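Reading through the structure tokens given below for one structure.
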Amino acid sequence: MRRIPRRVPQRESVVGDLIATATRRNELLELLESPLDKHDLVDELGQSWSTIDRTMREMEVLGVVEYVSEGFVPTDAVERSWRSTRGSWTA
């Protein structure tokens, strides 16, 4: 099977995508105060595995979350921003 290379987005696009994704995923980020894996997120959010899988892959690519041994957590930059806005993302 041939792999299709991913397109590398321009920096401005990445920043805009990052903000849009973080804003849309407010509920998810609130849950990530402690590491959670995809199974935990499926249970907590009541979403399908495929929805959670796609969302976490998108957020990981954009640098919103990272996977550590215990599960997904916000990246340091997102965590600092999250704390500075008192835990609320607004559009």
Could you check Leu62 against (1) within 24 Å of Arg80 (Cβ to Cβ); (2) surrounded by 15 or more Cβ atoms within 10 Å (Cβ to Cβ); (3) at pLDDT 85 or above; (4) of a type outside the set (Ser, Thr, Tyr) and say which number it fails? (3)
Note on Gly46: of the conditions (1) modelled with pLDDT under 75; (2) on the phi > 0 side of the Ramachandran plot, unmet is (1)
Selected residue (criterion: surrounded by the fewest Cβ atoms within 10 Å (Cβ to Cβ)) from residues of the stretch 42-59 that are of a type in the set (A, V, I, L, M) and more than 14 Å from Pro74 (Cα to Cα): Leu45
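The values are calculated or read from the model by the stated rules, or taken from the named source; none is laboratory data. As the structure is a computational prediction, the values presented were derived from the model and not from experiment. In this analysis, Cβ positions are derived from the backbone assuming ideal geometry, glycine residues included, and neighbour counts consider all displayed protein chains.
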